[in-house]
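Structure, as structure tokens:
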Amino acid sequence: RRILFSDDSLLAVNKLSGELVVAGAGTSDKLSLLDFLKKDYPGLKPLHRLDFETSGVVVFARTKQAAETVITSKFEGWKKTYVTLVAGRMPRATGAIRTPLPSRGEGMVPAETLYRTLEIFANSSLVEADILTGRHHQIRRHFAFIGHPLLLDEEYGNKGINRVFTREFHLRRFFLHAAKLSFPHPVTGKMLTIEAPLPRVFEGVLKQLRQ
């Protein structure tokens, strides 16, 4: 299901891994999600983005007023929950990672990720993470910092572990899924919670890991 929520002000979509939210300078000639949706929803404005490899909930504003309300509120009250597969067995059921991260043009800035370990497998763990700050590659960097990088993350991960995992599952792209987004509606002020189901490939890998 691609459209997760729609009203006069907002449109929430389930983004696929390997899809661009917005076409950037010098990016591939693939059609971005925004360009694709604009055919049916003219005037659409992206409120936030997900990285190319990340799947899950993305919200667009359908009116200029809705976009301005969210942006001027500085995303006050927005809570983003991700699900990911990390290398190794997580030693704790819950935790917080508060390592500052580099920000473009600002030096090091505070960053906070809260996590819950959902399942532990032989050499990996399924984790849920809430990010309280939206830094560049925050989840990927934070889990790498505590020694449990995302599986198949070539930039911050463990190349040896990734090779073994690729051999076993024939996959090359890490799993990071924006599973849930809660935020106040820009017009009514009521809290909205939008959820996106796990991608089939992710579900398939978990099924194999559980065996």
Completion exercise
Exactly one of G134, G147, G157, G107 is of a type in the set (G, A, S) and surrounded by 18 or more Cβ atoms within 10 Å (Cβ to Cβ), and that one is G157
Handout entry: Hey, S103 closer than 29 Å to H148 by Cβ and at pLDDT below 95 or not
Key = yes
Fill in the blank from the handout: Scanning the range 169-199 for residues that are open to solvent by 100 Å² or more (accessible area, probe 1.4 Å) and not in a strand (DSSP E or B), the one nearest to L132 (Cα to Cα) turns out to be K190
Exercise for the section: Test T166 against the stated conditions and say whether it is surrounded by fewer than 16 Cβ atoms within 10 Å (Cβ to Cβ) and under 24 Å from H48 (Cα atoms). Expected result: no
Practice task
Would you be able to say whether some residue in the range 138-157 is touching a residue at least 24 places away in the same chain (Cβ under 8 Å), closer than 30 Å to E68 by Cα and assigned to a loop (DSSP other than H, G, I, E, B)?
Solution key: no
Problem - Subset of the range 162-191 (residues that are over 23 Å from L101 (Cβ atoms) and of a type in the set (A, V, I, L, M, F, W, C)) - result: V164, F165, F169, L171, V187, M191
Fill in the blank from the handout: Those residues of the range 121-157 that are of a type in the set (S, T, Y) and out of contact with any helix residue (DSSP H, G or I) (no Cβ under 7 Å at 6 or more places or on another chain) come to a total of 2
Practice task
Give the residues of the range 1-57 that are closer than 22 Å to F175 by Cβ, in contact with a Pro (Cβ under 8 Å, 6 or more places away or on another chain) and of a type in the set (V, I, T), sorted by residue number.
Solution key: V21
Completion exercise
Of T193, T166, the only residue that is modelled with pLDDT of 95 or more and of a type in the set (S, T, N, Q) is T193
Practice task
Examine the range 111-123 for a residue that is in contact with a Pro (Cβ under 6 Å, 6 or more places away or on another chain), open to solvent by 60 Å² or more (accessible area, probe 1.4 Å) and modelled with pLDDT of 90 or more, and state whether such a residue exists.
Solution key: no
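The values are calculated or read from the model by the stated rules, or taken from the named source; none is laboratory data. This structure is a prediction, so every number in the text was calculated from the model and none was measured. Because the Cβ atoms are built from the backbone with ideal geometry, glycine has one as well, and the counts that use them run over all protein chains shown. In case anyone asks, the SASA skips ligands and DNA or RNA and just uses the protein heavy atoms, side chains included. Shrake-Rupley method; radii C 1.70, N 1.55, O 1.52, S 1.80 Å.
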